[in-house]
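The values are calculated or read from the model by the stated rules, or taken from the named source; none is laboratory data. Everything numeric here is computed off the predicted structure, so don't read it as measured data. Heads up, the Cβs are rebuilt from the backbone with ideal geometry, glycines too, and the neighbour counts pull from every protein chain shown.
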Amino acid sequence: MDPGLIRRCAADLLNAKHAVAFTGAGISTESGIPDFRGPSGIWTRDPEAERRSYEIFGKFLETPREYWEEALKSPFYEMIERAKPNLAHYALAELEEMGILKAIITQNIDGLHQKAGSKNVLEFHGSIYKLRCIYCGCRFPRSEFEEEIREKKVPLCRKCRSPLKVDVVYFTEPIPSDVYELSFSEAMKCDLMLVCGTSAVVYPAAELPRVAKRRGAMVVEVNFEETSLTRERVSDYILKGKAGEILPKIVEVVKELRKKSF
Ligand code: NAD
Ligand code: ZN
């Protein structure tokens, strides 16, 4: 961890008028949820799971009943439900509470930012805790449908009676237009984007830091390793290391600098 860069990042956050965070699976690995493509990633260990993930949206469209027989069986979901936020999630929540961070755009489906207290969270790839109607766009808490799910009935939208699916955005499924528009609007208006724990290779999400950069924002990465954003010079600089160690340090220095300026 480079103390000079921590200081620089803290100062840049304090100077920003509209800072946002963009997070990926790497911010939750310290909560015990593996990423997909890392050395102990889910797909690295089980390539069959990757193949299945490309079929699930088609299955929902063709036979919702069969989809619902499988949808919540994944051990990945159980692991997520047991997970707790880590210091990185809490640090971002604190930056929002301090009025510095205006929004978090996350690719994660684990709800850990909200569990840590973050308020303005845009779940670009949805959430395992909600169900969504792809026909009218309504979302509902999954907890309201536990009975149907237990009895293996297809849950139906309360507004238009269409079959519901889990809110999680599957491969080949379009990003819901509401969260898509809000996220791109944040990327266009931010003057600093703090990119944490994402390899930034899943599109269209990976377009967000690139849009921010083109609009003149500063892009700062927190990651174990260099990513496509580092190599393409989309990011201005990278803080290398664990998000759960770096982000709390940044918060600490932000507080110190704030005290000094009063
Ligand atoms: P990814 O697996 O492609 O990349 C993860 C990145 O995080 C890597 O660059 C890795 O170096 C970095 N990283 C891992 N642990 C870190 C740590 N402790 N500190 C700092 N950096 C760390 O993940 P992605 O870019 O988010 O893309 C994967 C897609 O899969 C996303 O769209 C997401 O929806 C989904 N996913 C979500 C979860 C979750 O909700 N927790 C978990 C796995 C995958
Ligand atoms: Zn509906």
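Summary table below
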{"read-out": "Condition met for ARG37 (away from ligand 2 (no atom under 16 Å from the Cβ) and either in a loop (DSSP other than H, G, I, E, B) or aliphatic (A, V, I, L, M) (or both))", "value": "yes"}
{"read-out": "Residue pairs meeting the criteria (Cβ under 6 Å; at least 6 apart or on separate chains; first at negative phi, in the range 194-216; second within 16 Å of ligand 1 (Cβ to nearest atom) and in a loop (DSSP other than H, G, I, E, B))", "value": "THR198/GLY24; SER199/THR227; ALA205/GLN107; ALA205/PHE124; ALA206/ALA200; PRO209/VAL234; ARG210/VAL234; LYS213/VAL234"}
{"read-out": "Tally, over the range 50-68, of residues that are surrounded by 15 or more Cβ atoms within 10 Å (Cβ to Cβ) and of a type in the set (Gly, Ala, Ser)", "value": "1"}
{"read-out": "Unique match (being basic (Lys, Arg) and touching a Gly at 6+ places or on another chain (Cβ under 8 Å)) among ARG139, ARG132", "value": "ARG132"}
{"read-out": "Those residues of the range 167-195 which are over 30 Å from ALA16 (Cα atoms), modelled with pLDDT of 95 or more and away from ligand 1 (no atom under 13 Å from the Cβ), in sequence order", "value": "PRO174"}
{"read-out": "Matching entry among ILE134, ILE128, ILE105, ILE149 (being in a helix (DSSP H, G or I) and either touching a residue at least 60 places away in the same chain (Cβ under 8 Å) or not acidic (Asp, Glu) (or both))", "value": "ILE149"}
{"read-out": "Condition check for LEU72: more than 8 Å from ligand 1 (Cβ to nearest atom) and assigned to a helix (DSSP H, G or I)", "value": "no"}
{"read-out": "Residues (out of contact with any Lys or Arg (no Cβ under 8 Å at 6 or more places or on another chain) and away from ligand 1 (no atom under 16 Å from the Cβ)) located in the range 125-146", "value": "TYR135, GLY137, SER143, GLU144, PHE145, GLU146"}
{"read-out": "Residue that is within 8 Å of ligand 1 (Cβ to nearest atom), assigned by TED's automatic domain parsing to the domain that holds GLU96 and either at pLDDT below 95 or within 14 Å of the chain's Cα centre (by Cα) (or both), where the choices are GLY38, GLY26", "value": "GLY26"}
{"read-out": "Conditions (1) more than 22 Å from the chain's Cα centre (by Cα); (2) over 28 Å from ILE250 (Cβ atoms): number failed by ILE6", "value": "(2)"}
{"read-out": "Top-ranked residue of the range 154-184 - restricted to ones that are more than 15 Å from ligand 2 (Cβ to nearest atom) and free of Cβ contacts under 8 Å to residues at least 24 places away in the same chain, ranked as farthest from ASP110 (Cα to Cα)", "value": "GLU181"}
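Listed here are the residues, each with its yes/no results for (1) away from ligand 2 (no atom under 16 Å from the Cβ); (2) closer than 27 Å to ALA187 by Cα.
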position: ILE105; (1), (2): yes, yes
position: LEU112; (1), (2): yes, yes
position: LYS119; (1), (2): yes, yes
position: LYS130; (1), (2): no, yes
position: GLY137; (1), (2): no, yes
position: PHE140; (1), (2): no, yes
position: ARG150; (1), (2): yes, no
